[in-house]
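For reference, the structure is listed below as structure tokens.
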Amino acid sequence: MFKLDPFISEKIWGYERWLVSVHPHGQSQALSAGGGQPLSAVAPEYPLLIKLIQANDTLSVQVHPDDEYARAHENSRGKTECWYILDASEDAAIYCGLEKDFSKEQLAAALKNGNFETCLKRQPVRRGDFVYIAAGTVHALGGGIRLLEVQESSDITYRLYDWGRQREMHITQGLQVISYGAPSPLVSAFSGAFECPYFALRTVSGGELTDKNDFVLFVLDGSGKLHCNTESVDACAEDTFFCRGGETVRIDDGISALCICLP
């Protein structure tokens, strides 16, 4: 079991902490009594990228490619992801999906005419909410939100609209990878468990955990210790731990965590 030190990426709208990453654009550090090492030295093929995102302002409207498109055009995995809301201001909201079934031509016209915002589905969020965002879903994170993002290990983003900020757009690619006709994802309070083809999440409070694959523990609330083999490590809110497949981790009572596994 390793406690992780994140790679920090500053943004114009806030920041990202890449809590669990073996991606070459930013790697987290696996800490031990002897010091630290890149997580890629421990688990070079780990297929997930887990981030803590602090959005003080609204992010760009973007879309990510699926595996097939990303392999063919970007030499990368695609990017399916989910968001677990850790904190949110009273009026916080996300944009996730579209208001109706727009065609590619209709969205291209809205982008050209500057009224793309009216095509987006706006959904309020609050602490403890969850949303699954499959590749091809148009989405944007609003300001005043802190969240945990679990995604495929990919850094491919196609920016469609940026609220008047003068940053690079990727409209041609973005319009190609949108999942036209797909229903918009719905925000709801996290049920306690979720699984998709790429990752699985469940909440745990105290007790013992093990898995045949490598897994991650992200502390939501409380403080105490995690115990693995002969080691006991202090843990508090927003600490992240990488656990090797086959290890048994005992969590002190009073600690609530998300366990993130491979399906």
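The values are calculated or read from the model by the stated rules, or taken from the named source; none is laboratory data. These numbers were taken from a predicted model, which means no experiment stands behind them. Cβ: placed from backbone, ideal geometry, glycine included. Neighbour counts: every protein chain shown. Side chains are part of the model used for accessible areas, which takes the heavy atoms of the whole protein and leaves out ligands, DNA and RNA. Shrake-Rupley method; radii C 1.70, N 1.55, O 1.52, S 1.80 Å.
Put a dot 7 Å past each Cα toward the Cβ at ARG126 and ARG202; how far apart are the dots in nm?
A separation of 2.7 nm, rounded to one decimal place.
Please report how far the C-alpha centroid of the stretch 27-65 lies from that of the stretch 224-263, rounded to the nearest whole angstrom.
Centre-to-centre distance over Cα atoms comes out at 18 Å.
Dipole of the chain (Lys/Arg Cβ +1, Asp/Glu Cβ -1, origin at the Cα centre): which of LEU175, GLY78, PHE190 lies farthest to the positive side?
Toward the positive end, the furthest listed residue is LEU175.
When we measure straight from the Cα of LYS79, which aspartates and glutamates land under 18 angstrom away, once same-chain ones fewer than 8 places off are left out?
GLU16, GLU45, ASP66, ASP67, GLU68, GLU149, GLU152, ASP155, GLU195
Which lysines, on any chain, are close to LYS112 with Cα under 21 Å apart, when same-chain ones fewer than 8 places away are left out?
Counting by Cα, and skipping residues close in sequence, LYS112 has these lysines nearby: LYS100, LYS104, LYS121.
May I ask for the percentage of alpha-carbon pairs in the chain that lie more than 25 Å from each other?
45
Using a simple charge model, +1 on the beta-carbon of Lys and Arg, -1 on the beta-carbon of Asp and Glu, nothing else, what dipole does the stretch 1-116 show about its Cα centre, in debye to the nearest 20?
The dipole magnitude comes to about 280 debye.
Among all the lysines, which ones have a C-alpha under 27 Å from LYS225's C-alpha, if same-chain residues fewer than 8 places away are not counted?
LYS3, LYS51, LYS212
What residue among GLY34, ALA200, TRP163 has its Cα farthest toward the positive end of the dipole of the chain, where the charges are +1 on Lys, Arg and -1 on Asp, Glu, each on the Cβ?
Selected residue: TRP163.
Which number do you get for Rg(Cα) / (2.2 N^0.38 Å) in the stretch 26-164? Display every interim value, and only then the final one.
Values: Rg = 17.0 Å, N = 139, 2.2 N^0.38 = 14.3 Å.
Here the Cα radius of gyration is 1.18 times the empirical estimate.
Using the Karplus curve 6.51 cos²θ - 1.76 cosθ + 1.60 with θ = phi - 60°, work out ³J(HN,Hα) for each residue of the stretch 139-152 in order, rounded to whole Hz, and write x for Gly and Pro.
7, 7, 9, x, x, x, 10, 10, 8, 9, 10, 10, 8, 4
Enter the accessible area of SER76 (Å², nearest 10), with the probe set to 1.4 Å and all protein chains included.
Looks like 20 Å² after rounding.
Calculate for the chain the 222 nm mean residue ellipticity that helices alone would give, adding -39,500 (n - 2.57) per DSSP H run of length 4 or more and normalising by residue count, nearest 500 deg cm²/dmol.
After summing the helix terms and dividing by the residues of the chain, the value is -3000 deg cm²/dmol.
For the stretch 178-247, with only Lys/Arg (+1) and Asp/Glu (-1) charged at the beta-carbon, what is the dipole magnitude about the Cα centre, in debye rounded to 20?
240
Please give the solvent-accessible surface of THR240 in Å², to the nearest 10, using a probe radius of 1.4 Å with every protein chain present.
About 10 Å², rounded to the nearest 10.
Express in nm, to one decimal, how much length is gained between TYR15 and SER89 on full extension, taking 0.36 nm for each residue of separation and deducting their alpha carbon distance.
25.0 nm
How big is the dipole moment of the chain about its Cα centre under a simple scheme where the beta carbon of each Lys and Arg is +1, that of each Asp and Glu is -1, and everything else is neutral? Debye, nearest 20, please.
Dipole size: approximately 460 debye.
Rank ALA88, SER103, HIS23 by how far each Cα sits towards the positive end of the charge dipole of the chain (+1 on Lys, Arg Cβ; -1 on Asp, Glu Cβ) and give me just the farthest.
SER103
Treat each spin label as a single point 7 Å out from the Cα along the C-beta direction, and report the GLU68 to THR248 distance in nm.
Here the modelled spin labels are 4.5 nm apart.
Just to be sure I understand the model, the point goes 7 Å from the Cα along the line to the Cβ. What's the resulting GLU45 to GLN106 distance in nm?
According to this spin-label approximation, the distance is 4.4 nm.
Starting from the residue with the highest accessible area, list ARG165, ARG146 in decreasing order, probe 1.4 Å.
If we order ARG165, ARG146 from most to least accessible, we get ARG165, ARG146.
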